[in-house]
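Q: Before we start, here is the structure in question, set down as structure tokens.
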Amino acid sequence: MSFKELNLIEPIQKALRTDGYLEPTPIQVKAIPPLLKGKDLLGCAQTGTGKTAAFAIPILQGIQAEKKSTKGNRQIRALIVAPTRELAIQISESFKSYGKNLEVKTLVIYGGVGQNPQTKVLRQGVDILVATPGRLLDLINQGFVSLKNVKYFVLDEADLMLDMGMLKDVKKIITFIPKIRQTMFFSATMPTEIGELANSILNDPVRIDITPESPTVDIIEQSVYPVDKVNKTKLLVHILKDKKIDSALVFSRTKHGANKIVAYLEKAGFAAEAIHGNKSQNARQLALNNFKKRKTRILIATDIAARGIDIDELSHVINFDLPEVPETYVHRIGRTGRAGLGGKAISFCDFGEKPFLRSIQKLTSKSIQEVTEHPYPLVDTTIKPKERSNKRRSSTKSFESNEQKQNSKETKNGKIRREKRANESKKTNSKNNQKRKSDHWSKS
Ligand code: AMP
């Protein structure tokens, strides 16, 4: 299947050629034809699948077609709402890139920076507005944004919006958009509240599922290093000495942890930067740009800060901490191996994190290669399972209280949902544990 066969107009095909896109990805093949026909879409897909282009291309083509028939001032015809500023910026860059040969104007608005530059551009008129919910609502309330001409509406990463407590704002925003419109709804997971929201705003949608077991994950070379918690930073330094690691995105479960890793790496002579919710928007963007432009080789991130961020040709993802929710692992490692390029994912796993590893292996139906030949092999395997789970719970608790203090945006609901899912994984794990007496780690 080629982009031409998808009936894309020449200026868009030309832009895609310039960007080096040879053929559409599976989600693009599935989504573009119904979207060009004006259908609504419910996409269960993660970033890394090419989903931005899947919705951006039909929107651009639609707006361009309408432009020929309507002259006059620019009005907001497409609204894309995304949970994080980084994601919003990335989406707007994609629109600009795919629409570079068209007469459409795209603006991105987000909080944490002054609103004047944004309102100035809004006054001049834009066709496509990409926004985070809080700033958008602010500017609607101040009369700078009118959504009454919106024909295309995209909600991206809806489940993350739920986790970040943005659903109320999103529902409010929807009341300002005309009911007659084309809606595209994307969520990596579909918890009940998100399913209900999707049902209430979509009209007979086409449903597309690109599951975590997608080839994107299969092409990533995955390995796990059993290591004691106290030795993780030393192991990280050891691994980063490998010159073959061009760029590494290191995931830390907490913001505090991310800062500690940066400090340790700097002491060890490595330039590293961190992105997380406690950093100012400018500091986050600067760190991200430095990393994307290869000025910094190592970026430490928390899950929320890194969600959806697209980094070209990222060679390594390192899970300094394993995530409690297995789907998060898939999201994390999906930062590498983008658009068919291979990549490597290295995970550290201390004794208390073994249940998380098992959940991950179950979800991905893959056993991850274990690397025991390293200078800091796991020795602390003395904790009995029950004590271990208590110990882990209490350490998680301290992580959570830190996170709670630091991330005022995350809601109780989001946390409860994640905890529920983590508990479900724990239950599955304990069942698995009983079954798998022969598991080589359990023996130790
Ligand atoms: P996304 O899932 O939208 O975040 O896209 C992931 C990455 O794939 C981005 O770097 C896109 O530029 C790239 N991409 C999207 N579609 C294609 C395509 N058809 N061919 C090559 N790269 C693509």
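The values are calculated or read from the model by the stated rules, or taken from the named source; none is laboratory data. Everything numeric in this text was worked out from a predicted model, so none of it was measured. A quick note on method: Cβ atoms are made from the backbone with ideal geometry, for glycine too, and the neighbour counts reach across all protein chains shown. The area values use the complete protein model at the heavy-atom level, side chains included, leaving out ligands, DNA and RNA. Shrake-Rupley method; radii C 1.70, N 1.55, O 1.52, S 1.80 Å.
Q: Longer than 29 Å from Cα to Cα, which of Lys171/Lys292; Lys105/Lys292; Lys293/Lys362 are they? Say none if no pair is.
A: Values: Lys171/Lys292 34 Å; Lys105/Lys292 25 Å; Lys293/Lys362 36 Å.
Violating the 29 Å Cα-Cα cut-off are Lys171/Lys292; Lys293/Lys362.
Q: A follow-up question, please. Counting only protein chains, not ligands or nucleic acids, how are Asp163, Asp303, Asp204 ordered by accessible area (probe 1.4 Å), most first?
A: So, going from the largest accessible area down, we get Asp204, Asp303, Asp163.
Q: Based on the mean of other beta carbon atoms within 10 Å per residue, what is the order of 270-277, 229-236, most packed first?
A: 270-277, 229-236
Q: Ignoring ligands, DNA and RNA, what accessible area per residue does region 216-370 give at 1.4 Å, in Å²?
A: Per-residue accessible area for region 216-370 comes out at 37 Å².
Q: While we're looking at this one, here's another question. Hey, any idea what % of region 3-209's accessible area is carbon plus sulfur with a 1.4 Å probe?
A: Values: 4270 of 8720 Å².
Here carbon and sulfur together make up 49 percent of the probe-accessible area.
Q: Could you state how much accessible area Cys44 has, in square angstrom rounded to the nearest 10, with a 1.4 Å probe and all protein chains kept in place?
A: 20
Q: A follow-up question, please. Can you list the residues, at least 5 places off or on another chain, whose amide H is less than 5 Å from the amide H of Ile80, using H built in the peptide plane?
A: Under 5 Å from the amide H of Ile80: Leu129, Val130, Ala131, Val154.
Q: Taking θ as phi - 60°, what are the ³J(HN,Hα) couplings along region 139-152 by the Karplus curve (6.51, -1.76, 1.60), each to the nearest whole Hz, with x for Gly and Pro?
A: Once rounded to whole Hz, the list reads 6, 5, 4, 7, x, 7, 10, 10, 9, 6, 9, 5, 10, 10.
Q: Show me the ranking of peptides 12-21, 51-60 by mean Cβ neighbours inside 10 Å, starting with the highest.
A: Most protected by this proxy first, the peptides run 51-60, 12-21.
Q: Which pairs in the list Lys344/Lys366; Lys4/Lys151; Lys241/Lys295; Lys151/Lys172; Lys243/Lys344 are over 21 Å apart, alpha-carbon to alpha-carbon?
A: Pairs exceeding the cut-off: Lys4/Lys151.
Q: Excluding ligands and nucleic acids, what accessible area in Å² is computed for Tyr225 using a 1.4 Å probe, to the nearest 10?
A: 40
Q: With θ set to phi - 60°, apply the Karplus curve 6.51 cos²θ - 1.76 cosθ + 1.60 along region 6-17 and write out the HN-Hα couplings as whole Hz, x wherever there is a Gly or Pro.
A: Each residue's phi maps through the Karplus curve to give 7, 6, 8, 5, 4, x, 6, 4, 4, 4, 5, 4 Hz.
Q: While we're here: Tell me, what is the 1.4 Å probe accessible area of Ile304, in Å² to the nearest 10?
A: The accessible area of Ile304 comes to roughly 40 Å².
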